[in-house]
């Protein structure tokens, strides 16, 4: 593994020249950072940048209405571990460790609660096949040094009395927690606006769709002149063009609009963003008073090979999710809802007595290796294109990975490239792009 | 059976004195009829009264948002037949026969469509027990002279190719049709407002809750003086008192607000309205293009003893319903939704591929004998109280029974009591009320 630059605790105090630009058109201050996409990842990135002293704008016609709106908010690097995804595990563990501080940074008078809770996760298997599969997963977890405690069925039922009779195995994972993504997004929006106002800046939210990137110089200079070498200086990203034609200039642009990143105009020459929609159905339900609390722990299960989870909120609601459909149907799947209710009732029969408040479907931005596209993009010269950071493709992990994505982007904005995370470079699926792996671009 | 007054085709042309009243406060014209409740029954009653030349008002804070909003709209007297409900069968058949003309009366430029369709109903059984139960039902249907055609499974599948593999029996009922209750309610509202405007009347809709009845004279005169005989003239209902205290005077008041009828103030002395909420969950789904039409017929099934139906709409949606819950949970039941999706998929496996658009729960106003509370109410004298008609307790049959309820009320407003329907008198559950059964009150 490449050496890591240990800058976790070193604040990147921006130099004066970083935080303002005075050659902009009269009356239009140029923000330090323009974030395209106001889902939880984009909001988290904007928030961390703002905390670092930078001025930010967030460009989104409808913030927090995409995958963030659907997400259950499990912060579950251990139970979400998949075989051969150890690189991703490093990232999810690092982000999980950052969630308490990230959530704490959002607390304030009048700020919506994030719903961050350190309650444990109880993993249950239904039939013998589920028991075998979860035993295999536990092996992988143990190999990675993760703490998973096997429970007897009796102990599981003692901890959660409403667990059903058809359970084959149980594990307790103390470190897999939860947050309320809608609450966290609302808190982020509230704090972003509040800090901007306190600084005398305009509100950071631009309720427009981004159409493409705005460049200075030539986006594909070297690529247009094969063999031309590094003679011509490649362009830099200088802002965002909105759907209505307005240009929003910014010192740095972060592309964090999930699946929509694919359709931005003037992405770097040769950059392929292999994002695909992975649809999920998810339910929100109310627990009647006489059944509260339905559970204390988050319940994750494997029921005849299908995953299902039940996340209890402090307000007496629960979230039951989530299907994974690689079809082309963005709406809520009747078969998906049926499957979730059927399998959740195997784990907790009392689910039948809950009130169904909401059935939601959204698309997750999937990538070929299930890991995000996160970092800078190399030009034909091999050097990173100035002014551009990509942060998309978070798939099932957008909420969990928000703090680490925000931290990594904050480092990149400060001129620091942590080599621990270069495996997630967004140009890794672009055969014509060969980054120089030279570290910082500044 | 009591003799029926054959007035079906005799228009009750109101006399001039019936249609206006000039002793009202200056500037406040007194309508002929005030209908409390703007569900489909109340709207239908108002419409029929308006067609008869009467001026009407409909009092409802949120018309057509109760049971009407949930209802699937099956017009199915044959498949809905229950053992020992033959009196109700007469009423449902009479109403079914009225639906084509009733729907036609609502057609007009700019008027929303009612969705009235004469497509047949296919009744399916799942297991052997369901086959036996449906064979028993067919006996009762045959004894009542109803036309039910038994099909082979092969013939059923030829008619509806998406029928699933686990079917034990099939029947075709050509006369059980459907309407779209939301469309019909919208058409009724549109026509009621339009006719009022064309006549130069104020808009008939009063968006307030009714608090109670307004009386002239003494509501319980005789009851307060036991043994007093008929010396004191009993009162008459003269209008409605709104929740905000406003008095709406009217020549006749029709109580058609479902379960809320119970809590009206100043109901007649001794009148018991034994209404109870019977909650139902119902789903609306969209059929993807490649599966259209999902079915041509309405599919009704019995799946391991539980009823389920699938009603296909012309717009490519289907309605799947409905549970019957005698619990106290007005919200959508997770267990109910699970049951509907599970059982509908037994009849039509392709239901799994539909998009779930909406899950809705509403309470039906149930009565002890599953029949409506429909007609005038007797005073202690045995004579009917002038100015008051009750039309509630339609349970599962509100949409089907709307035209006959509207017709019966129109007759009552014209001074005609059809003795065929006195079994449904609203005072039949009131032990202290003994109607004289003397026919017309006028």
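A compact table of results
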| quantity | calculated |
| --- | --- |
| Residue selected from the stretch A:272-291 under the condition in a loop (DSSP other than H, G, I, E, B) and surrounded by fewer than 21 Cβ atoms within 10 Å (Cβ to Cβ), by the criterion farthest from the other protein chains (Cβ to nearest Cβ) | A:272 |
| Residue within the stretch A:294-314 that is more than 9 Å from chain B (Cβ to nearest Cβ) and within 30 Å of residue A:382 (Cβ to Cβ) present | no |
| Residue match in the stretch A:134-144 (condition: within 26 Å of residue A:49 (Cα to Cα) and out of contact with any strand residue (DSSP E or B) (no Cβ under 9 Å at 6 or more places or on another chain)) | no |
| Subset tally (residues that are closer than 20 Å to residue A:412 by Cα, in contact with a strand residue (DSSP E or B) (Cβ under 6 Å, 6 or more places away or on another chain) and assigned to a loop (DSSP other than H, G, I, E, B)) for the stretch A:246-271 | 3 |
| Qualifying residue in the stretch B:119-133 (condition: touching a residue at least 24 places away in the same chain (Cβ under 8 Å), out of contact with any strand residue (DSSP E or B) (no Cβ under 7 Å at 6 or more places or on another chain) and not in a helix (DSSP H, G or I)) | yes |
| Residue list for the stretch B:108-118, filter: within 24 Å of residue B:284 (Cβ to Cβ) and either touching a strand residue (DSSP E or B) at 6+ places or on another chain (Cβ under 7 Å) or surrounded by fewer than 23 Cβ atoms within 10 Å (Cβ to Cβ) (or both) | B:111, B:112, B:113, B:115, B:116, B:117, B:118 |
| Total residues in the stretch A:72-94, condition out of contact with any strand residue (DSSP E or B) (no Cβ under 8 Å at 6 or more places or on another chain) and either in contact (Cβ under 8 Å) with a residue 24 or more places away in the chain or in a helix (DSSP H, G or I) (or both) | 14 |
| Failed item in (1) buried (at least 16 other Cβ atoms within 10 Å of the Cβ); (2) closer than 30 Å to residue A:308 by Cα; (3) modelled with pLDDT of 95 or more; (4) within 18 Å of the chain's Cα centre (by Cα), with residue A:58 passing the rest | (2) |
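The values are calculated or read from the model by the stated rules, or taken from the named source; none is laboratory data. Quick caveat: nothing in here was measured; it's all calculated off a predicted structure. FYI the Cβ positions are ideal-geometry reconstructions off the backbone, even for glycines, and counts take in every protein chain you see.
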